[in-house]
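Visitor: The structure's right below; bear with me while I get my questions together.
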Amino acid sequence: MSEIKERSPDQLMVFGIIGGLLGIYLTYLLPLAGERIGGKIEIVLNTIAPVAGALGAICAVIWGADAVRRVAKYGLGTGVPSIGQIALGMGIIAAMFGLAIIKTQPLAGPVVAVITASIIGFIIGWFAQNVIKMKIPVMIRCMTEIAAAGAIIIIGYSAAVAGNYDFVNNLIPRVFDNGVILFIFWVGAVAMLHPFNACLGPDEKQKRMLYLAGSTGASTMAIVGLAAIITIGASGAITMILGIVLWIIFYKKFWDEVYNDAASVVGTGLIPKTEA
Amino acid sequence: MVLLDPTTLIDIGLIGLSGALICLAVHFIPVGGAPAAMAQATGIGTGTVELAAGSGLVGLITSSYMLHADPSASMALVMASGALGASVMLASTMLAGGFIYAYGVAVPFASAQVKKDPITGQRQDNYVSKGTQGQGIPTICFVSGVVGSGLGGAGGGLIYSVLMHYYSPLISATSAAAVAGVFTMGVFYVNSVIPSYGVGGTIEGVHDPKFRRVVPKDVFTSVVVSMLCGVVAILIAGGMTP
């Protein structure tokens with residue numbers, strides 16, 4: 001087999017954190033910039049701002065899917081879905097905490113959420129490794145990473161539905177009261193756990209899985225856009241259309257990768273009957 | 001510091017306790033995983049998390065309905081209605097699963113972990129097919145599952161009622177219910193995955209030798225993690241004060 005080039009965990013971590021936080025912050029900063037400029041640009045910036053949140057969440061989905069891949073390769077004994085669900089469970093607790101605790105410093109919210117998620121993830125990872133004794137060397141690091149990715153996914157998609165990430169004024173009435181948060185929780189978890197769950201096996205390759213992660217993230221974005229049309233109107237339509245376009249692009253890439261990898265499988269025929 | 005107030009400490013302790021209840025619940029439920037789905041192991045053919053969370057979330061719905069119908073309902077009543085909802089949910093799952101195992105797959109219900117069913121006293125080992133870990137859902141597993149889901153539902157109801165007590169004075173009733181419910185769901189998922197790592201995917205119920213081996217360390221982990229979540233939940237209330 002030829003040498004397979006893989007993206008390193010650090011590379012994807014930087015991509016997930018920077019891309020995710022950038023997207024989340026743009027939902028808050030673009031309207032502020034629009035206010036300074038005024039006129040038609042303000043309307044445009046206000047409309048596209050929530051879309052950035054969903055794009056940030058896709059970065060986190062790709063990062064989280066890779067972290068799931070690294071830890072689930074060892075065989076958890078409970079199936080891959082369990083780790084996606086614990087990730088979003090930790091993520092939602094940390095996201096609510098980070099966004100609620102910050103009253104006068106709205107810019108600090110997402111960073112506090114990511115740090116809190118990392119701490120909760122680290123503690124659970126440490127317990128899994130040292131008390132439950134799972135004997136998975138990457139457990140602590142991956143648990144920390146998937147918790148942080150889970151928090152970014154929750155905040156990103158929620159901001160795309162609510163307009164920005166202000167907890168009391170925007171998230172509670174537009175995401176929590178109408179139950180959209182449950183959708184974000186479930187589908188966000190599936191977006192993160194599905195790529196490795198679907199690709200795992202003897203001929204699993206990182207590139208193929210990452211494209212599938214992009215496609216699950218984008219399809220989630222499309223449905224989040226549908227919810228956003230009801231809550232914030234025009235921005236939701238952009239989120240949905242962009243989500244569908246990205247979904248098609250990523251899915252085509254994944255499709256090509258599948259064809260490419262399948263081409264190297266050589267038919268060997270049936271097992272020859274040997275005389276003992 | 002608001003966290004060092006005795007009532008707050010008791011509430012954090014209660015959230016820790018409910019984490020322990022949810023964690024215990026997972027050990028009681030007969031989870032068979034993929035082997036059980038092929039009728040090669042005893043239990044229900046799906047994962048720990050799905051069963052614990054599925055029954056627990058129904059418990060959350062029934063307990064929140066209790067609190068909605070009577071806002072002054074005592075904590076015991078809220079927990080009892082949570083336990084009832086979760087038990088009904090898991091019992092009906094096991095009943096439907098049992099019909100499929102008995103009349104669809106056509107296997108005798110037998111446990112490979114014990115020689116005689118502790119409740120009915122019937123021989124088990126004669127009925128275990130060769131190469132399998134038992135099949136179907138025997139009486140002891142069914143009873144253990146009903147008890148376990150009851151514990152999980154009671155745990156969910158306990159967290160919910162503690163959190164509602166904190167959030168409802170700060171925001172509107174609907175919003176408080178939404179925030180408390182979502183937080184409870186998060187704690188539920190964390191606490192149902194941790195023990196599922198401990199049991200390694202499958203467990204038959206209270207009679208399984210694995211039960212005694214893994215319960216202490218799993219419960220300890222869940223209590224610590226849930227208390228951490230409790231601290232976080234109470235700080236969220238601080239963030240919502242206008």
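The values are calculated or read from the model by the stated rules, or taken from the named source; none is laboratory data. Computed from a prediction, not measured in an experiment: that's the story for all the values here. Heads up, the Cβs are rebuilt from the backbone with ideal geometry, glycines too, and the neighbour counts pull from every protein chain shown. Note: areas computed on protein heavy atoms with side chains; ligands, DNA, RNA excluded. Shrake-Rupley method; radii C 1.70, N 1.55, O 1.52, S 1.80 Å.
Visitor: I'd like the accessible area for A:L171: 1.4 Å probe, protein heavy atoms, all chains in place, Å² to the nearest 10.
Guide: Spelled out: A:L171, probe radius 1.4 Å, area about 10 Å².
Visitor: Now for a separate question. Any idea what angle helix B:173-199 forms with the longest principal axis of chain B, computed on alpha-carbon atoms, 0 to 90 degrees, nearest 10?
Guide: 40 degrees
Visitor: State whether the protein assembly as shown is rounded, prolate or oblate according to the following rule on the C-alpha gyration tensor (a ≥ b ≥ c being the square roots of its eigenvalues): a/c under 1.5 gives rounded; otherwise a/b larger than b/c gives prolate, and the remaining case gives oblate.
Guide: Since a/c reaches 1.5 but b/c is at least a/b, the shape of the protein assembly as shown is classed as oblate.
Visitor: Would you work out the relative contact order for segment B:2-240, in percent, from Cα pairs under 8 angstrom that are 6 or more residues apart?
Guide: 34 percent
Visitor: Taking each residue of A:91-103 in turn, how many C-beta atoms of other protein chains fall within 10 Å of its C-beta, and what is the average?
Guide: Going residue by residue through A:91-103 and averaging, the value is 5.
Visitor: For chain A, what is the mean residue ellipticity at 222 nm derived from helices alone (per DSSP H run of n ≥ 4: -39500 (n - 2.57); sum divided by total residues; nearest 500 deg cm²/dmol)?
Guide: One gets -26500 deg cm²/dmol as the mean residue ellipticity at 222 nm.
Visitor: Continuing with the same structure: Against the globular-protein guess of 2.2 N^0.38 Å, express the Cα radius of gyration of chain A as a ratio, rounded to two decimals.
Guide: This ratio for chain A stands at 1.08.
Visitor: Sort out for me the Cα centre separation of segment A:40-54 from segment B:116-140, rounded to whole Å.
Guide: The distance from the Cα centre of segment A:40-54 to that of segment B:116-140 comes to 63 Å.
Visitor: Given 20 °C and 1.002 mPa s, compute D for segment A:119-271 with the Stokes-Einstein relation, Rh being the Kirkwood radius over Cα pairs; round to the nearest whole µm²/s.
Guide: My calculation gives 122 µm²/s for D.
Visitor: How would you rank A:87-93, A:201-207, highest first, on the average number of other Cβ atoms within 10 Å across their residues?
Guide: By packing density, highest mean first, the sequence is A:87-93, A:201-207.
Visitor: Let me ask another. Kindly express, to the nearest 10 degrees and within the range 0 to 90, the angle between helix B:75-99's C-alpha long axis and the longest C-alpha principal axis of chain B.
Guide: The angle comes out near 30 degrees.
Visitor: Per residue of segment A:188-200, in order, report the coupling 6.51 cos²θ - 1.76 cosθ + 1.60 (Karplus, θ = phi - 60°) as ³J(HN,Hα) in whole Hz, putting x for Gly and Pro.
Guide: x, 4, 5, 4, 7, 8, 4, x, 6, 4, 7, 8, 4
Visitor: Taking a 1.4 Å probe, which of B:L235, A:L29, A:L99, A:L22 shows the most accessible area, and what order do the others take after it?
Guide: A:L22, A:L29, B:L235, A:L99
Visitor: To the nearest 10 Å², what's B:V146's accessible area with a 1.4 Å probe?
Guide: For B:V146, solvent-accessible area is about 40 Å².
Visitor: Quick check: the angle from helix B:48-69's long axis to the longest principal axis of chain B, C-alpha only, nearest 10 degrees?
Guide: Between helix and principal axis, roughly 40 degrees.
Visitor: What's the ranking of B:207-214, B:175-182 by average number of surrounding C-beta atoms within 10 Å, highest first?
Guide: Put in order of decreasing packing, that is B:175-182, B:207-214.
Visitor: Pick from B:Q133, B:Q122, B:Q40: which residue has the top mean-square fluctuation in a GNM of chain B where Cα pairs under 10 Å get a spring?
Guide: Greatest mean-square fluctuation among the candidates belongs to B:Q122.
Visitor: Contact order normalised by length for segment A:9-260, with contacts defined as Cα pairs under 8 Å and 6 or more residues apart; what percent is it?
Guide: 23 percent
Visitor: Please compute the average number of Cβ atoms from other chains found within 10 Å of each residue's Cβ in peptide B:180-189.
Guide: Average neighbour count from other chains, rounded to a whole number: 6.
Visitor: Determine the order of B:M38, B:M164, B:M94 by accessible area, beginning with the largest, at a probe radius of 1.4 Å.
Guide: Final ranking, largest accessible area leading: B:M38, B:M164, B:M94.
Visitor: Explain nothing, just the number: relative contact order of segment B:124-242, from Cα pairs under 8 Å at least 6 residues apart, as a whole percent.
Guide: 29 percent
Visitor: Can you put B:T46, A:T104 in order of accessible area, largest first, using a 1.4 Å probe?
Guide: Descending order: A:T104, B:T46.
Visitor: Lys pairs in chain A, Cα-Cα under 28 Å, at least 8 apart or on separate chains: how many?
Guide: Total qualifying Lys-Lys pairs in chain A comes to 18.
Visitor: Please check: in the Gaussian network model of chain A (C-alpha springs, under 10 Å), which one of A:A54, A:A108, A:A151 has the largest mean-square fluctuation.
Guide: A:A108
Visitor: Moving on. Using a Gaussian network model of chain B with C-alpha springs under 10 Å, which one of B:G56, B:G33, B:G19 is most mobile by mean-square fluctuation?
Guide: Maximum fluctuation in the GNM of chain B, among the listed residues, is at B:G33.
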